[in-house]
Amino acid sequence: MNETSEPAFTAQIEAAFRQAAREVLRVAKQTGTPVIIWENGQVREIPCDQLDEAILTNKTAEPRPSG
């Protein structure tokens, strides 16, 4: 893969992850199941009734490495 197509490919991968995450959250809300995430170096379970708050406060996001 050449350098000019790599950013576009990365953007496609990130979009696919976002779409998959939305689907996971939708199904979790429908079924009343928690979502398991990785946060601060540990596995964490977010109950389905707290998902909106976690998303709005960005608690589910890991810091992205720079560079």
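The values are calculated or read from the model by the stated rules, or taken from the named source; none is laboratory data. None of these values were measured; they are calculated from a predicted model. Here the Cβ is made from the backbone with ideal geometry for all residues, glycine too, and neighbour counts use every protein chain on show.
Being among the aliphatic types (A, V, I, L, M), in a helix (DSSP H, G or I) and surrounded by 11 or more Cβ atoms within 10 Å (Cβ to Cβ) is the filter here, so list the residues in the range 12-56 that pass it.
Across the range 12-56, the qualifying residues are ALA21, VAL24, LEU25, VAL27, ALA28, LEU51, ALA54, ILE55.
Please specify each residue of the range 37-57 satisfying the condition of being out of contact with any Ser or Thr (no Cβ under 9 Å at 6 or more places or on another chain), among the β-branched types (Val, Ile, Thr) and modelled with pLDDT under 90.
Scanning the range 37-57 gives ILE55, THR57.
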